[in-house]
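Right, one structure below, let's go through it.
Each value in this text was obtained by applying a stated rule to the coordinates, not by laboratory testing. What you see is a predicted model; the values in this text were computed from it and never measured. No Cβ is skipped: glycine too gets one built from the backbone with ideal geometry, and neighbour counts run over all protein chains shown.
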């Protein structure tokens, strides 16, 4: 069967599933929705509760009709959120380098009816049409070109975003980029578009990646840690060694709340006690009566978590539903995920919960501080179709 491709430079990169491939891909599957749930990409009707801080920025800055890029699509959770936000007149271009993520990513795009989304299989880099090795990690989300320990590797073609923009005429207003340490090389290949169009960009940055911050500062961007909502300078970046999601907004682009300093007013202070003698694995805070608006929740984890590989889930309930959560080893949460951002369209009884998948050895206390976030420009009050559980 003849395949249809994008323009010539991307023949080897565009992902087109013909009818025979689709039949083979779903053969033996009773329900395509079960595929995507097992892949941890929440179906449209249940809302998207993962990566709360980045999800919030997507909903703030991706407007109906926008063209946006998801660089490092993994299995599509951010692609789905971006697709809902830009709506049927917008477009999402998702770039994914790891071959083993492509089938699941494609299925999730189709299963979630993201017909405004386009999948491109390539490694976004500083230049196009080279071949680099994608190294497989223990978890597919961490596949990348800079892994020091890996099980196997595979050759993948590269693509610079400037070349893609020049060839297709699609200039993004917003870019989310999470490509496991290759963000700086990708920015070098996006320099022309950054200088001309000033797109807003969210980068996941490891502690060693200060050159991304320096690069964006040179182009007139303001950097904001989306987990803490605080401005990031080179001094602050170097002072705390942790992985950050940093939003860059150009200082001369149309103003958003992220262009200005945020103010935080303490709303609540309390704690959750984890009792090793209890048979329970799920612990709740008291119900916290909280006003509408945007809130930043700080979780003060006990120091014993710093080296623990025990897995925990930490989340927030409001209006009787799970609003958002983090899931991972205690050490990862201790180092990188101390904050939760929630948005309440109306006053609510908030409950913060912790699920321990392994019993604590000693009694552990997790401190909780909730700040009400005030911005110079109001946050956009909007709801995306199919994202009923997402904060507004």
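Expressed in Å, the radius of gyration and Dmax of the Cα atoms of segment 94-138 are 12.2, 33.
In this structure, residue 131 and residue 192 have a Cβ-Cβ separation that, at R0 = 25 Å, corresponds to a calculated FRET efficiency of about 0.60. If you take the square roots of the eigenvalues of the alpha-carbon gyration tensor of segment 190-237 and sort them as a ≥ b ≥ c, do you get rounded (a/c under 1.5), prolate (a/b over b/c) or oblate? Prolate, since a/c reaches 1.5 and a/b exceeds b/c. In whole angstrom, note down how far apart the Cα centers of segment 297-332 and segment 207-275 are. Distance between centres, Cα-based: 20 Å. Annotation: peptides 221-227, 350-356, ranked by per-residue average of other Cβ atoms within 10 Å with the highest first, follow the order 221-227, 350-356. Estimated from the Cβ-Cβ distance and a Förster radius of 30 angstrom, the FRET efficiency linking residue 210 and residue 273 is about 0.20.
Pop the C-beta distance of residue 266 and residue 231 into the FRET formula with R0 = 25 Å and round what comes out to the nearest 0.05. In this case the efficiency is close to 0.80.
With 0.36 nm allotted per residue and the present C-alpha distance subtracted, the residue 361-residue 292 stretch has 21.0 nm of extension available. Gyration tensor over the Cα atoms of segment 263-374: the corresponding equivalent ellipsoid has semi-axes (square roots of 5 times the eigenvalues, largest first) of 24, 15, 12 Å.
In terms of packing, defined here as the mean over residues of other Cβ atoms within 10 angstrom, the peptides 95-103, 239-247 line up highest first as 95-103, 239-247.
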